[in-house]
Amino acid sequence: MNPALSSFAALLLGATAAHAATISVNSGSLGSAADGSDSTGVTLGVAGPLGSPTDTAAHYGGGTTGSPINTTIPFNSALNPASSSPFTIEFWVKPDTNVTDGSGPAPVFNRVSTSPRSGWVFFQRDQTQGWNFAMYNGTGSTVGTQMTGGTYTPGVWSQVVVTWDGTAPTMYVNGVNTNAAVTGPGGYAASTSAIFSIGSYDTGANTFSGGVDETAFYGTALSQSQIQAHFNAAGSTDPNAYSNLVTGDGALLYIRNAQVPEPASAGLLLLSLAPLLRRRRA
């Protein structure tokens, strides 16, 4: 192929990849069944929280109900274990701004919002309050169990982890137990149909503005030493130091937000180039 034409094709492919629908590949043990679909408007390739210079993350913000800017994972029973079964949710988050109006942006979401509500969701509160984790008990819209803890600084990455031991949740921020008080009437109803979403509700409501990365779900309650080890490994310049711990600790879901063009988009572009390529070879 003519070198100039080759360069032109590469540029076109790059431009299409930047604007085409993309997937965020699941690196956890559930494999492609838990790949995330990135809506239009999700910005991939921004600097991530890890010490590796090649680490990238996703940025969210600006979506609305009906026009979501988020990454969604279809319902999977492994991501919604029985209410009495332990699990852990872990992610890194960098809010663009403080939230003081009580609007409750949701960086990570796994809830059925119609009554009766089930599942759980994270809400961003004022930076002095930190993060609210709400678990629904299957009675109307009642939050059965919740807690609010930790702090954050706009523009700075934080590790947020919640473990559920089958009875009560515990929240950690940057490897440290926040000792957040658990409140509510009690109870938790595991969902049987929730869509796991990063960046907002699955519908696009409660849009979070900022970066989210390294989102992981485990079918066990990680220990504090495991959580602290993850936080410590994030500073390593070794690109595999953090991910090896996450997968080694049994992550079922692990979304690292690497950009992968949808096959159809790349295929269509190559088909459109084919006549031009044939003419150049003639």
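Of note:
- Residues that are among the hydroxyl-bearing types (Ser, Thr, Tyr), surrounded by fewer than 17 Cβ atoms within 10 Å (Cβ to Cβ) and touching a residue at least 12 places away in the same chain (Cβ under 8 Å), drawn from region 108-141: 115, 128, 139, 141
Rundown of residues vs (1) under 20 Å from the mean Cα position of the chain (by Cα); (2) among the acidic types (Asp, Glu); (3) modelled with pLDDT under 95; (4) surrounded by 12 or more Cβ atoms within 10 Å (Cβ to Cβ), yes/no style:
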site	(1), (2), (3), (4)
236	no, no, no, yes
242	yes, no, no, yes
247	yes, no, no, yes
252	yes, no, no, yes
257	yes, no, yes, yes
265	no, no, yes, yes
268	no, no, yes, yes
280	no, no, yes, yes
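- Residues in region 208-230 that are under 17 Å from the mean Cα position of the chain (by Cα) and hydrophobic (A, V, I, L, M, F, W, C): 208, 212, 216, 217.
- Region 142-169, residues that are free of Cβ contacts under 8 Å to residues at least 40 places away in the same chain, crowded, with 18+ Cβ neighbours inside 10 Å and polar (S, T, N, Q): 146, 148
- Once region 201-218 is narrowed to residues that are assigned to a loop (DSSP other than H, G, I, E, B) and touching a Phe, Trp or Tyr at 6+ places or on another chain (Cβ under 6 Å), the residue that is surrounded by the most Cβ atoms within 10 Å (Cβ to Cβ) is 208.
- Summed over region 150-183, residues that are in a strand (DSSP E or B) and either β-branched (Val, Ile, Thr) or farther than 17 Å from residue 48 by Cα (or both) total 13.
- Filtered by the rule that a residue be in a strand (DSSP E or B) and either in contact with a Ser or Thr (Cβ under 6 Å, 6 or more places away or on another chain) or of a type in the set (D, E, K, R) (or both), region 184-200 gives 197, 198.
The values are calculated or read from the model by the stated rules, or taken from the named source; none is laboratory data. Nothing here was measured: the structure is a model prediction, and the numbers come from that model. Glycine gets a Cβ as well: all are built from the backbone with ideal geometry, and neighbour counts include every protein chain shown.
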